[in-house]
Amino acid sequence: MKTTLLRLIPPILGAVGFLLRFLQQGIFEPDTGLAQSGAPISYAMALYLAAVGVFLLAWALREKKETKLDMDAGFVTPPQRMLPLLVCAVMLIAVGGALVAYSGYQAGEVLHLALGGIAVVAAVCLLWGLTAWRRGGNCGALLVAPALMSVVWLLITYRQYADYPVLETLYVQILAIAAFTYGFYQVAAYGFSLGSRRTTRFILPAATVLGLTVLADDLSLGLICLYVGCTVVLYGFSLLERPAHMD
């Protein structure tokens, strides 16, 4: 019962973050997109995310420092119970990638077209990796693909907002994608017997919180699918984490 309640903490924190981010949307002027200076909700949003980060870090540091763990040591395998949820989330990433690619093609935006294509490839690799994991095979190389997708996504998003003057508009998206990048990287590390339980205990819940928070932003349908898919995949892996006492 205690373990179940602890696993509900990241979605609850993410829901609170979503609410604060939704309220924060009211400070942006509809004509210019600029934020009202000194708005209390902006400070509340930043302080909340900082407090969540400190809480999750303290939570993770309670774990014994262990490195060089493989998939069997880090996660409950095979992932029978979580497999349907993970597969649905992977399909969302694929759909989101296809929608982003299509919108990029229509708008003549080569970078978004490329991001969409990479997301579809990453989803295929992730699904292939889950299948190999379920059958007891090595899936490390396949799990690297979503991490690479997140790196490209982060660079494109940062480039899109590089000259944007309103920090409040972009920083949650940047943080969320950065958390996805590190989260997928850490999951893939287990496939090469380089996993760290303490690190994943921090970054997977953090990615869940940020992934839910960013959904309050004004996003296209394709990006919503990408954010939701990545969030659910990483949260699913956090649910599959093997406690140290099970080793």
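For I224, state whether it is open to solvent by 10 Å² or more (accessible area, probe 1.4 Å), in a helix (DSSP H, G or I) and either hydrophobic (A, V, I, L, M, F, W, C) or modelled with pLDDT under 90 (or both).
Working: open to solvent by 10 Å² or more (accessible area, probe 1.4 Å): yes; in a helix (DSSP H, G or I): yes; either hydrophobic (A, V, I, L, M, F, W, C) or modelled with pLDDT under 90 (or both): yes.
Considered against the rule, which asks whether it is open to solvent by 10 Å² or more (accessible area, probe 1.4 Å), in a helix (DSSP H, G or I) and either hydrophobic (A, V, I, L, M, F, W, C) or modelled with pLDDT under 90 (or both), I224 comes out as yes.
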Return the only residue of L155, L175 being within 10 Å of the chain's Cα centre (by Cα) and either more than 30 Å from R134 (Cα to Cα) or loosely packed, with under 15 Cβ neighbours inside 10 Å (or both).
L175
For T32, only one of the following conditions fails: (1) at pLDDT below 80; (2) under 20 Å from the mean Cα position of the chain (by Cα). What is its number?
(2)
For residues in the stretch 207-221 being aliphatic (A, V, I, L, M) and open to solvent by 40 Å² or more (accessible area, probe 1.4 Å), which is nearest to the chain's Cα centre (by Cα)?
L212
Per the list (1) surrounded by fewer than 19 Cβ atoms within 10 Å (Cβ to Cβ); (2) without any contact (Cβ under 8 Å) to a residue 60 or more places away in the chain; (3) of a type outside the set (D, E), residue check on L194 breaks on (2)
What tally of residues in the stretch 52-90 results from selecting those that are of a type in the set (A, V, I, L, M, F, W, C) and farther than 16 Å from E241 by Cβ?
9
Residue within the stretch 81-100 that is surrounded by fewer than 16 Cβ atoms within 10 Å (Cβ to Cβ) and under 29 Å from R159 (Cβ atoms) present:
yes
For the structure I just gave you, tell me whether I174 is under 22 Å from F18 (Cα atoms) and free of Cβ contacts under 8 Å to residues at least 24 places away in the same chain.
yes
Of those in the stretch 158-183 that are aliphatic (A, V, I, L, M) and not in a helix (DSSP H, G or I), the residue nearest to V233 (Cα to Cα) is A162
Would you check which residues across the stretch 140-169 are touching a residue at least 60 places away in the same chain (Cβ under 8 Å) and touching a Leu at 6+ places or on another chain (Cβ under 7 Å) and list them?
P146, W153, V166
Condition (residue is assigned to a helix (DSSP H, G or I), closer than 30 Å to A216 by Cβ and open to solvent by less than 60 Å² (accessible area, probe 1.4 Å)) applied to the stretch 60-73: is it met by at least one residue?
yes
Condition first: part of a loop (DSSP other than H, G, I, E, B), out of contact with any Pro (no Cβ under 9 Å at 6 or more places or on another chain) and open to solvent by 30 Å² or more (accessible area, probe 1.4 Å). Now tell me which residues in the stretch 134-143 satisfy that.
G137, N138
Could you list, in sequence order, all residues of the stretch 196-214 that are polar (S, T, N, Q), part of a helix (DSSP H, G or I) and in contact with a Lys or Arg (Cβ under 9 Å, 6 or more places away or on another chain)?
T213
Would you tally the residues in the stretch 109-133 being without any contact (Cβ under 8 Å) to a residue 40 or more places away in the chain, surrounded by fewer than 23 Cβ atoms within 10 Å (Cβ to Cβ), in contact with a helix residue (DSSP H, G or I) (Cβ under 6 Å, 6 or more places away or on another chain) and not β-branched (V, I, T)?
4
Out of curiosity, is G183 within 16 Å of the chain's Cα centre (by Cα), farther than 30 Å from L57 by Cβ and at pLDDT 90 or above?
no
Do you know which of the residues in the stretch 74-133 that are polar (S, T, N, Q) and in a helix (DSSP H, G or I) is modelled with the lowest pLDDT?
T131
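The values are calculated or read from the model by the stated rules, or taken from the named source; none is laboratory data. In this text, all values refer to a predicted model and were calculated from it rather than measured experimentally. Cβ: placed from backbone, ideal geometry, glycine included. Neighbour counts: every protein chain shown. Heavy atoms of the whole protein, side chains included, go into the accessibility calculation; ligands, DNA and RNA do not. Shrake-Rupley method; radii C 1.70, N 1.55, O 1.52, S 1.80 Å.
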